[in-house]
Amino acid sequence: MTSLDSDKRQPALHAQQAAAPAAAGWVRTLGSSARAAVLVLLLCGVAYPLATTGVAQALLPHTANGSLVLRDGQIVGSALIGQHFDSARYFHGRPSATTAPDPKQEGASIAAPYNAGLSGASNQGASSQGLADSVAERVAQYRTTNGLAADAAVPVDAVTASASGLDPHISIANANLQLPRVARERQLSPAQVQQLLGQATQQRSGYLLGEPRVNVLALNMALDALPNRSQP
């Protein structure tokens, strides 16, 4: 081999020698990245959920399982999600703007009060004529249902939906206006119903946040549990 041939092969040899450490570096980088990804997956996707679930089940099992409400061993709802009551014998919750897919028309929706699978509000603003009309209609219906005067003040929560559409509570003012109707329909004294209303009233969270409120499902279940109650 001449010195000229040797000089021609040296650049190629140097390139191969330089490529070998670079390839090894990429392999080490990929390996460390894969190990880090597996570690993060195990920590965040397995260990952390198991730890938080275990702590929640140990300390707050009722809340962790959805605050479910049972009657005779059967689940009848959740203390966190309202239900639609329209019988005169029951206290009525606040309106709900939730919807559900229309089974008869693809792409359309129908009203489905307290649909926990599609929580949301109507998104109508204060300037919406549709909202104004809906509220006026609800006010008139509320006064008629509860035997109020045509100019009686109506609590705002009785005629407007909550942001989630799932609010299980009503204000004490709303409950007090419905109390005479419920007592009359069930042939109970107002004092009996008032006692149950007080038991279903929840105070401010931490004695600071929100306002005292009445859980409608709990109150209606207490009414149904009364002995010798009138039948519908």
request  = Kindly indicate whether HIS62 is of a type outside the set (D, E, K, R), assigned to a loop (DSSP other than H, G, I, E, B), open to solvent by 70 Å² or more (accessible area, probe 1.4 Å) and closer than 30 Å to MET221 by Cα.
outcome  = no
key: Selection count, segment 171-184, where residues are assigned to a helix (DSSP H, G or I) and open to solvent by less than 40 Å² (accessible area, probe 1.4 Å)   = 7
task = Would you mind stating whether ALA218 is in contact with a strand residue (DSSP E or B) (Cβ under 9 Å, 6 or more places away or on another chain), touching a residue at least 40 places away in the same chain (Cβ under 8 Å) and open to solvent by 40 Å² or more (accessible area, probe 1.4 Å)?
result = yes
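Residues are listed down the side, and each one gets a yes or a no for (1) open to solvent by 40 Å² or more (accessible area, probe 1.4 Å); (2) over 20 Å from SER78 (Cα atoms); (3) in contact (Cβ under 8 Å) with a residue 40 or more places away in the chain:
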site	(1), (2), (3)
TYR114	no, no, yes
SER128	no, yes, no
GLY147	yes, yes, no
ASP151	yes, yes, no
VAL156	yes, yes, no
ALA161	no, no, yes
HIS169	no, no, yes
query = Looking at segment 88-117, which of the residues that are of a type in the set (Ser, Thr, Tyr) and not in a loop (DSSP other than H, G, I, E, B) is nearest to LEU196 (Cα to Cα)?
reply = THR99
ask   = Given the conditions (1) more than 25 Å from GLU185 (Cα to Cα); (2) touching a strand residue (DSSP E or B) at 6+ places or on another chain (Cβ under 7 Å), and given that LEU80 satisfies all but one, which numbered condition is not satisfied?
value = (2)
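The values are calculated or read from the model by the stated rules, or taken from the named source; none is laboratory data. None of these values were measured; they are calculated from a predicted model. All Cβ positions, glycine included, derive from the backbone under ideal geometry; neighbour counts span all protein chains shown. Quick note on the areas: whole protein, heavy atoms, side chains included, nothing else; ligands and nucleic acids left out. Shrake-Rupley method; radii C 1.70, N 1.55, O 1.52, S 1.80 Å.
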